[in-house]
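The values are calculated or read from the model by the stated rules, or taken from the named source; none is laboratory data. In this text, all values refer to a predicted model and were calculated from it rather than measured experimentally. For neighbour counting, all protein chains shown are included, and Cβ atoms are generated from backbone atoms with ideal geometry for every residue, glycine included.
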Amino acid sequence: MSEKSKFSAVVILAVVFTIGGLFGVGGTVAYLKQTRENRGDRSARTERSPRDIYRVQVDRMMERLEKSLSLTESQVPLVRAEVTKFGDAMLEVHESMRPRFHALMEERSLAIESHLNEEQLAAFREDRKKHRDRSKAIREGRKNGIKDGAMLDRILRPSSSPSASRERTCRKDTC
């Protein structure tokens, strides 16, 4: 291969890599700009009430229904009224069932505890405490804008290798 053809190949490779780098950087900048614009003000997000969140969900559902069903202008308010009416009823049922659900969970825990020895009882209560703490951290994280529970899981449990997971689920007498 001649020196001229080697030099031409190097120049072509350099141009190709430069163009690829520019498009890569440009695409990343465009993506980040777009996601920042869509993110909105985080402080406003943390102060929303459950009713505000519910209204946003109704709006999103209506957007999907309008597109997928090709609703007419006269159908949109009628369908929105139905979605809102039944959504309000479901929300009330959910809230009214919450205390009953928690009471059943507590009753289940007490029933399980009645079958455990002292060592198992301590481990069971510790597991329940960890679960409550993790659930609380996830709720707090969501209030602060972290949507991904897996990300919170990594924060709460830094060692997430398969062997670490096995260690958490296995007790000395079972594994």
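Structure values in brief
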| quantity | calculated |
| --- | --- |
| Qualifying residue in region 80-102 (condition: among the small types (Gly, Ala, Ser), at pLDDT 90 or above and more than 30 Å from residue 140 (Cβ to Cβ)) | yes |
| Residue in region 56-72 that is in a helix (DSSP H, G or I), touching a Ser or Thr at 6+ places or on another chain (Cβ under 8 Å) and either aliphatic (A, V, I, L, M) or touching a residue at least 12 places away in the same chain (Cβ under 8 Å) (or both) present | yes |
